Amino acid sequence: MRSNAKSRQMKMRPGEVLIDCLDPIEDTKGNNGEKGRLLVTNLRIIWHSIVLPRVNLSVGYNCFVSTTTRTANSKLRGQTEALYILTKCNNTRFEFIFTNVVPGSPRLFASVIAVHRAYETSKMYRELKLRCALIQNKQLRLLPKEQVYDKINGVWNLSSDQGNLGTFFVTNVRVVWHANMNDSFNVSIPYLQIRSVKIRDSKFGLALVIESSQATGGYVLGFKIDPVEKLEGTAKEIKSLHQVFSVNPIFGVDYEMEEKPQQLEDLTVEQIQDDVEIEADEQTDAFVAYFADGNKQQDREPVFSEELGLAIEKLKDGFTLQGLWEVMG
């Protein structure tokens, strides 16, 4: 999640596609009464003020917890139905409320909810998976737009002392291995999560070693491929496909609107540099306005805080004083 980001940080990354553009949309919780534009891509939603583009939000679908529609109090529309998005980032929950200023238009709800659903159902493209339903009739169950470049029989997974004999697949999206005796004993490693591909010596001899990103736990997976020429060829092929994928990644989020939106570059307004000086000792966290506290009607009971040495309002379940300080810091 980002707030009030610079224009270069709002630009789309390789593989990111603009799916819908909604205008005008109000950020009802953080900028009530402000007309803005909501951009829906295959990876995130972006809202920015039309008058002041530097006032903006960028929220990735990976932070989404839930999306619902409820009544909100908008300065532009009054009491009206709005899109509520509950998110979680660094163990802190935030709530975003967006209202379509144009009456009677359900497009805001349809676009965001549908694209988020497409994101949730395509995690195989982006996440390392263990023991999943990957194999059917000894063949890899292909994802949309996935192509198999190589299938190697007799590959040993070196995760145990004895090793496990199985089959190795190399595709344009990921590498997959499964045990021959048990199809459910498998691993799927998308290129998006591969940190390095090397050939290293092991107690089983030379082996293909794939290290995953820290975001997936930093797994180090070893595979024994014979002969050495095939091992070297496979390592070279995976490195090459990984480089190609990095230039033009496939995230697997496929959703198209009937009306094609303009390109993001055409919708971006150049930010004007204000002639003001910002004092460093008066920093505020823009996300404080979006702190999720449910539909709070009244204050919770006071309790004594040993940490602060005074009485405070009882915290909601799952929240800590340390976490609140991190939001404010």
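The values are calculated or read from the model by the stated rules, or taken from the named source; none is laboratory data. None of the values given here were measured: they were computed from a predicted structure. Backbone-built Cβ (ideal geometry, glycine too); neighbour counts: all protein chains shown. Accessible surface is based on the protein model in full, side chains and every heavy atom, while ligands, DNA and RNA are left aside. Shrake-Rupley method; radii C 1.70, N 1.55, O 1.52, S 1.80 Å.
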Residue, nearest to the chain's Cα centre (by Cα), within the range 165-195, restricted to residues that are open to solvent by 50 Å² or more (accessible area, probe 1.4 Å) and without any contact (Cβ under 8 Å) to a residue 24 or more places away in the chain: Arg195
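Looking only at residues in the range 53-73 that are over 28 Å from Ala118 (Cβ atoms) and not basic (Lys, Arg), which one is least open to solvent (accessible area, probe 1.4 Å)? Give the derivation first.
Filtering the range 53-73 down to residues over 28 Å from Ala118 (Cβ atoms) leaves 54-55, 73.
With not basic (Lys, Arg) added as a condition, the list becomes 55, 73.
Values: Val55: 35, Asn73: 102 Å².
The qualifying residue least open to solvent (accessible area, probe 1.4 Å) is Val55.
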Going through the range 19-52 in order, the residues found to be farther than 29 Å from Gly252 by Cβ, touching a residue at least 24 places away in the same chain (Cβ under 8 Å) and surrounded by fewer than 18 Cβ atoms within 10 Å (Cβ to Cβ) are Pro24, Asn32, Gly33, Lys35, Ile50
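Of everything in the range 300-329 that's in a loop (DSSP other than H, G, I, E, B) and at pLDDT below 65, which residue is surrounded by the fewest Cβ atoms within 10 Å (Cβ to Cβ)? Steps first, answer last, please.
So the first thing to find is which residues in the range 300-329 are in a loop (DSSP other than H, G, I, E, B), and the list is 300-301, 306-309, 314-320, 329.
Okay, now just the ones that are also at pLDDT below 65, so 317-318, 329.
Values: Asp317: 5, Gly318: 10, Gly329: 7.
So the residue we want is Asp317.
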Over the range 112-143, the set of residues under 20 Å from Val40 (Cβ atoms), part of a loop (DSSP other than H, G, I, E, B) and either in contact (Cβ under 8 Å) with a residue 40 or more places away in the chain or among the small types (Gly, Ala, Ser) (or both) is Ser122, Arg126
Kindly provide the set of residues from the range 96-106 that are over 14 Å from Ile45 (Cα atoms), in contact (Cβ under 8 Å) with a residue 40 or more places away in the chain and of a type outside the set (S, T, N, Q), ordered by number. Val101, Val102
Go over the candidates Asn100, Asn73, Asn91 one by one and state the one that is polar (S, T, N, Q), out of contact with any Cys (no Cβ under 7 Å at 6 or more places or on another chain) and more than 22 Å from Asn32 (Cβ to Cβ). Asn91
Please list, ordered by residue number, the strands (runs of 3 or more DSSP E) wholly in the range 159-259 having 3 or more residues that are basic (Lys, Arg). 194-202
Can you name every residue in the range 81-101 that is more than 12 Å from Lys29 (Cα to Cα) and either open to solvent by less than 20 Å² (accessible area, probe 1.4 Å) or touching a Pro at 6+ places or on another chain (Cβ under 7 Å) (or both)? Thr87, Thr92, Asn100, Val101
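Can you confirm whether Leu83 is within 15 Å of Ser3 (Cα to Cα) and either at pLDDT below 95 or of a type in the set (Lys, Arg) (or both)? Give the steps one after another, and end with the answer.
Working: within 15 Å of Ser3 (Cα to Cα): no; either at pLDDT below 95 or of a type in the set (Lys, Arg) (or both): yes.
Criteria not met by Leu83.
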Residue ID - farthest from Ile225 (Cα to Cα), chosen from residues in the range 144-163 that are open to solvent by 50 Å² or more (accessible area, probe 1.4 Å) and free of Cβ contacts under 8 Å to residues at least 40 places away in the same chain: Gln147
Taking the condition open to solvent by 100 Å² or more (accessible area, probe 1.4 Å), among the basic types (Lys, Arg), at pLDDT below 90 and within 19 Å of Thr41 (Cα to Cα), does Lys203 pass? no
